Amino acid sequence: MSHPFTWVPAANERHASKDPVSQGRIQYAEGQSVTTLCGQMVEACDNELAWLWWTCPTCDDETRAIVGVPLRTETSELS
Ligand SMILES: [Zn+2]
């Protein structure tokens, strides 16, 4: 099942975007300009390390709202 957004590592954070991905791809191409859910215009990165970057909290909340799951702050069990 697909969702109407795509994760995009950019600017040292992992953002999400509703921009369309090129046909035949599952993520944005390196250097592609993407508008993120948190309102930034970024250049996508496409390498393995980029996927280890910290998730943008605004995009995290936005995607959770789209998918319909609780916000991370409501599910975390920090001691
Ligand atoms: Zn973001």
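The values are calculated or read from the model by the stated rules, or taken from the named source; none is laboratory data. Only a predicted model underlies this, so the values are computations on that prediction, with no experimental measurement involved. For neighbour counting, all protein chains shown are included, and Cβ atoms are generated from backbone atoms with ideal geometry for every residue, glycine included.
Read through the list (1) over 11 Å from the mean Cα position of the chain (by Cα); (2) modelled with pLDDT under 95; (3) away from the ligand (no atom under 12 Å from the Cβ); (4) surrounded by fewer than 15 Cβ atoms within 10 Å (Cβ to Cβ), then give the number of the only condition that residue 51 fails.
(1)
Look through the range 12-33, keep the residues that are within 16 Å of the ligand (Cβ to nearest atom) and more than 10 Å from residue 56 (Cα to Cα), and return whichever of them is surrounded by the fewest Cβ atoms within 10 Å (Cβ to Cβ).
If we take residues in the range 12-33 being within 16 Å of the ligand (Cβ to nearest atom) and more than 10 Å from residue 56 (Cα to Cα), then 33 is surrounded by the fewest Cβ atoms within 10 Å (Cβ to Cβ).
Within the range 1-11, which residues are away from the ligand (no atom under 11 Å from the Cβ) and either of a type in the set (Ser, Thr, Tyr) or free of Cβ contacts under 8 Å to residues at least 60 places away in the same chain (or both)?
Matches in the range 1-11: 1, 2, 6.
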